[in-house]
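Notes to accompany the following structure.
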Amino acid sequence: MTSSTAEAERPALPSPWSGRFVAVLPLLTVFAWLALVYAWEAWLVTTPVIFTDELLYAQLSRSFADTGHAALRGAPHSIGSLAVAARAPAWLIADTESAYLVAKLIGVAAMTAAAFPTYALARLLTGPRPALFAAVGTVAIPSLAYSTLLLEEPIAYPVAALAFFLGVLALGRPSRATIAAAVACALVAPFVRGELVVVPLILVVAALALGWASERVAPRRRRFRPWDRAVPVAACAVGALVGYAVLRRSVEWQIASDHPGRIVDQAVSAAGAFTIGLGIVPVIAALAALARPAGAPRTPERRAFVAVFAAAVPAFLLYTGAKGAWLATILDSRVLERNVIYLAPLVFVGTALWLDRPRARPLAVLVAAGVALVLVLAAPIELGYPYFEAPGYALAAFANRELTMTASAIRDVLVVVVALAAAAMLLARRLPALAAAVAVAALVWNVSGEVYAALGLRDFSQRLSGYVADPPDWVDEATGRRRALFLGLGLTDPNPFYSLEFWNRSLAPVWTLDRSVFGPGETGFPTLDPRDGRVLPEAGIDYAVIDSRLAIVGRKLAVSGPFAVYRVARPLRLREYVSGVYRDGWMGSYSTYDRYSAATRGHIEVTVGRIGWGGRDVPSPVIIRVRRITPAAALGAPTAERRWTVHSRTQRVFRLPAPRPPFRVEIGVARSFVPAELDPTTGDGRSLGAQVAYRFVPNPR
């Protein structure tokens, strides 16, 4: 046999790259399938649902894509978050609907990609199968429903997971490369989402704790005199005081720190929702796994993981508690689970540690179960659907809506789950197969919660889709994507306006005549010249989108719902202006109609009534007056007047001669009523006078 023949018959050695690919193929498969499911969920969400957050990030991303600089409504603005830049490429697509879908898919891919650093972190501590469980669990939690929204969370979530992996790697296997990577990721994290400012602090605290407990320091610690042992305690106290002084510069922290009990309540509520959303078992398993089981090896990676986990939990809970206390003080109380979801990779890696060696210490299991029980009992059971701030309550909402269970019954079931989880962990010491069954049950719980949370967002988007025109970018089409001013009044329901602004890129700036504020971005407050209706200052634009309660001098190009697009006849002037009237036609005790220009003389038709109220009659005198607006911008004597008494289910049309513009029509209703006080089933707490409508009717030529 020749040497060449021997070479030909020798079996080929497998490529190291092919071996690695086969090893991670299950992880890649899971990523692909889950990303496909979340992409489908994103496609079902047909319009933004979280105003004004999604509108804010969309506008910043669009401007960054168009100019390389962030702006809101045309005004320069800080980019705020690297998540804005991550989605910017999507907005290079001209078609707004396609760009919106691609922007969501970027979030889907990013958030699902948290599986990769979580798997890598788990592989430092466990075998491939438990590591795969950790990766799947991390990207199956109910909060993955956020991946369908234009928020910071979908980009921040994998960054936090990566920072934890690199931090544990650097602390467990220190080298120049691992330390540099961990430091770089930790420093970048706060620029993705401000909350992740706790990430570098977590890694610093973990490094200090490991350094203090290291074998290098042990000989020095043994030589410490009694007074020397007080130095670390004093250093921690000084560090806490310095940190407190720095935090006191924050207005939010000042408000929150005045209510320490509220901080604790908010932290416990968020942790409880997080525990429920994860199915309780992972939280118990992760906490129990922090106590090293008998026979488990002492590895640097495990010590590093425990240090990072132990530092991360109080850091995120303190941040969440302070934010919740601040919001509860200035706005309302919410369960802010969305601020603790970044602990999920650590929790599932901790659970993977238990799966790899299901022999947790009994005392550790009981203590962990006690913590979970306290969280379940202390957390309020929120049954709103969808409850955006806490997707972990999705299955609770399912039980309430589909199974007609009360909040009390749901809590009882959760207490039973805590007991069963603890019992299963204790039995798994002798029945290892039980651990696998528990892991599968936990994944099923999480996936079910995520799907139901996503369906809630889909349903909400479908309700909001009623505000979206067909086509949604009808203003852009009417103006040829040229800049258009919005001029409006306060809105009882701002969602129609926010939908209009999201879908039409040409809409900026935004002005209101009654000083109503429409965030995000600046709202302009122009003044009105009462002599001719000129809007000051001069906007210098050729197109305007007008609230239906206004009319301007110009050519109407398109109408959709409560808004109309005009080609402006410069200078921008109002033709007529109604104030004091809600969008549904009801007024309070006083409303006006100003007319600034008219091609011919005519009369005013004023409709007054309570045709929309059939409850208890509250008769009220009504007075209607017409006055000229003088060159000095004052109101002249009445040129016409009508009086009437309005009753329930009645209506009357008054025709009054109109003087030359400018003039004003005033309606005063002496007695108003609150529908909710007369009929609680209405839920309308407004103080209402009458339903009114104004119409200028030119004289026949």
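Rule-based calculations on the coordinates, nothing more; no lab input. Values in this document were obtained by computation on a predicted structure and should not be read as measured data. Positions of Cβ are generated from backbone atoms using ideal geometry, with glycine treated the same way; all protein chains shown enter the neighbour counts.
Quick check: residue separation of THR639 and VAL264 times 0.36 nm, minus the Cα distance between them. What number comes out in nm? Spell out each step's value before the answer.
On the way: separation 375, 0.36 × 375 = 135.00 nm, distance 6.51 nm.
Result for the pair: 128.5 nm of gain on full extension.
Expected output is a single nm value to one decimal: the length gained when fully extending between HIS647 and ILE330, i.e. 0.36 nm times separation in residues minus the C-alpha distance. What is it?
Gain on extension, HIS647 to ILE330, equals 110.1 nm.
Please give the helix 362-378 orientation as an angle from the longest Cα principal axis of the chain, in degrees from 0 to 90, rounded to the nearest 10.
The angle comes out near 10 degrees.
Once phi is turned into θ = phi - 60°, what whole-Hz ³J(HN,Hα) does the Karplus curve with 6.51, -1.76 and 1.60 give for every residue of segment 583-599, x standing for Gly and Pro?
Those phi angles translate into 5, 8, x, 7, 10, x, 8, 8, 8, 9, 10, 9, 10, 10, 8, 7, 6 Hz.
D for the chain, whole µm²/s, Stokes-Einstein with Kirkwood Rh over alpha-carbon pairs at 20 °C and 1.002 mPa s: what number?
Approximately 73 µm²/s, per Stokes-Einstein.
Using amide H atoms built in the peptide plane, which far-off residues or other-chain residues are under 5 Å from ASP684 H to H?
Hits under the 5 Å cutoff: ALA676.
Rounded if a/c is under 1.5, else prolate if a/b is larger than b/c, else oblate: which is segment 584-698, with a ≥ b ≥ c the root eigenvalues of its Cα gyration tensor? Provide the component values of the computation, followed by the final result.
Numbers: a/c = 2.51, a/b = 2.24, b/c = 1.12.
In terms of gyration-tensor shape, prolate.
Using 1/(1 + (r/R0)^6) with R0 = 30 angstrom and r between the beta carbons of ALA23 and ALA177, what's the FRET efficiency to the nearest 0.05?
0.85
With a point put 7 Å past each Cα toward its Cβ, work out how far ARG429 is from LEU377 in nm, to one decimal.
The modelled label-to-label distance comes out at 2.4 nm.
Please find the FRET efficiency linking THR607 to ARG482, where r is the Cβ-Cβ separation and R0 is fixed at 41 Å, and quote it to the nearest 0.05. Don't skip to the answer; put the middle values down first.
Working: r = 37 Å, r/R0 = 0.91.
Rounded to the nearest 0.05, the efficiency is 0.65.
Compute the long axis of helix 96-112 from its Cα atoms, compare it with the longest principal axis of the Cα atoms of the chain, and write down the angle in degrees, 0 to 90, nearest 10.
It works out to around 20 degrees.
Which length gain, in nm to one decimal place, applies between ILE50 and VAL204 when the Cα-Cα distance is subtracted from 0.36 nm times their residue separation?
52.0 nm
Place a label point 7 angstrom from the Cα of ARG298 along the Cα-to-Cβ direction, then list the residues of segment 356-383 whose backbone nitrogen is under 18 Å away.
Within reach of a label on ARG298, which here means backbone N under 18 Å from a point 7 Å along Cα→Cβ, segment 356-383 contributes 361.
Pairing the Cα long axis of helix 198-213 with the longest principal axis of the chain, what angle in degrees results, from 0 to 90 and rounded to the nearest 10?
Value to nearest ten degrees: 20.
For every helix of n ≥ 4 consecutive DSSP H residues, a contribution of -39,500 (n - 2.57) applies; sum these over the chain, divide by its total residues, and give [θ] at 222 nm rounded to the nearest 500 deg cm²/dmol.
Result for the chain, helices only: -16000 deg cm²/dmol.
Cut-off 16 Å, label point 7 angstrom out along Cα-to-Cβ of ILE93: give me the residues of segment 461-477 whose amide nitrogen falls inside.
472-473
Put a dot 7 Å past each Cα toward the Cβ at ALA291 and SER687; how far apart are the dots in nm?
6.3
For the pair ALA558/ALA407, report the inter-label distance in nm, with labels modelled 7 Å from Cα in the Cβ direction.
Using points 7 Å along Cα→Cβ, the separation is 4.5 nm.
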